[in-house]
Amino acid sequence: MKIIRDTNQMQNYSESHRQKGNILGLVPTMGYLHEGHLSLMRIMRPRCDKMIVSVFVNPTQFAPSEDLDRYPRDFERDRQLCQLEKVDVIFYPSADQMYPMSYYTYVNVDKMTKLLCGKYRPNHFKGVTTIVTKLFNIVKPHLAIFGEKDYQQLRVIQQMVNDLNFNIQIINGPIVREPDGLAMSSRNEYLNKEEREKAIVLYKSLQLAKKLYADGERDCLKLKRKIKKFISKIQDAKIEYVEIVDPITLQSITIMKGEVLVALAVYIGKTRLIDNITLRSHS
Ligand code: AMP
């Protein structure tokens, strides 16, 4: 397994393998790998000849008030986990490599980046689409995979790939959860023991939504009210948003029919957690 830190070296590696006819698969991550990340590697591995995992905590997707400095990092552990997943290359650039002093270019997807998390993290998706574009140009993958855990991010990237004619197939990976249902996230690391227990409320509230939908509830306002009431019972849980949206446009809906996405962001203490579930009328 190679570790490449230099952008030119990464481009040269990818170009030479493309010329040999190899299929390149990219798994972008911010490191501190967990089973969620590993599941994406396991989906990608049989689909490509060379699997590249990027490990980069992208400063442009964090607001100044957010957790860039304390975001968990452990490259040695990440390296070992990648090795076990038969990764061919870890692309591990420095922030200076990706954003040198004279850096002025950003990629922005309109509309859907202003909804859900975008309402509360106004420049977040601009940072995401910029770094993903840079990774696409540096790693030159044929395939790239993103987790449904960050559903809005997945949709924004699919939209960008369509709008900007990237010749890259985007694959989505299902949410991987802890045994009690909490969606795996590097940020779960911030939770203390009591908070960790309280954090199950996100998953439980989505299960409640699923049950209410299966029982025939179709009124989004009523459903949202019930979810919020359920979450509010937990001390130290502060709701940022609970939304029911069209899974493609991410626009809010009022009456549920067919497939809908229930998405939420909740603070448990100081830690902001997100989760979502897709509901289908027959599920
Ligand atoms: P991150 O390192 O948090 O930026 O995540 C890197 C990739 O892993 C993104 O595509 C995430 O959506 C995905 N991911 C993170 N957590 C999970 C999870 N619990 N299940 C599936 N994919 C995940």
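The values are calculated or read from the model by the stated rules, or taken from the named source; none is laboratory data. Quick caveat: nothing in here was measured; it's all calculated off a predicted structure. Virtual Cβ from ideal backbone geometry, glycine too; neighbours counted across all protein chains shown.
Here are the numbers for the structure shown:
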{"item": "Single condition Thr249 does not satisfy, out of (1) surrounded by fewer than 17 Cβ atoms within 10 Å (Cβ to Cβ); (2) part of a loop (DSSP other than H, G, I, E, B); (3) within 16 Å of the ligand (Cβ to nearest atom)", "result": "(3)"}
{"item": "Matching option when the condition is touching a Ser or Thr at 6+ places or on another chain (Cβ under 9 Å) and either among the β-branched types (Val, Ile, Thr) or away from the ligand (no atom under 16 Å from the Cβ) (or both), among Leu164, Leu208", "result": "Leu164"}
{"item": "Residue match in segment 1-19 (condition: in contact (Cβ under 8 Å) with a residue 12 or more places away in the chain, within 14 Å of the ligand (Cβ to nearest atom) and buried (at least 17 other Cβ atoms within 10 Å of the Cβ))", "result": "no"}
{"item": "Condition check for Leu154: within 30 Å of His17 (Cβ to Cβ), assigned to a helix (DSSP H, G or I) and within 14 Å of the ligand (Cβ to nearest atom)", "result": "yes"}
{"item": "Contacts under 8 angstrom Cβ, first residue in segment 142-158 being farther than 13 Å from Val245 by Cβ, partner more than 7 Å from the ligand (Cβ to nearest atom) and of a type in the set (D, E, K, R), 6 or more apart", "result": "Leu143/Arg47; Lys149/Asp275"}
{"item": "Segment 240-270, residues that are among the acidic types (Asp, Glu) and closer than 14 Å to Tyr151 by Cβ", "result": "Glu243, Asp246, Glu259"}
{"item": "Options Gln235, Gln207: the member that is within 23 Å of His34 (Cβ to Cβ) and either modelled with pLDDT under 95 or surrounded by fewer than 17 Cβ atoms within 10 Å (Cβ to Cβ) (or both)", "result": "Gln207"}
{"item": "Pairs, first more than 6 Å from the ligand (Cβ to nearest atom) in segment 172-183, second part of a loop (DSSP other than H, G, I, E, B), C-beta under 8 Å, six or more apart", "result": "Arg177/Met184; Glu178/Met184; Leu182/Ala199"}
{"item": "Qualifying residue in segment 182-195 (condition: under 29 Å from Met30 (Cα atoms), in contact with a His (Cβ under 8 Å, 6 or more places away or on another chain) and among the hydroxyl-bearing types (Ser, Thr, Tyr))", "result": "yes"}
{"item": "Failed item, numbered, when Glu194 is tested on (1) part of a helix (DSSP H, G or I); (2) within 16 Å of the ligand (Cβ to nearest atom)", "result": "(2)"}
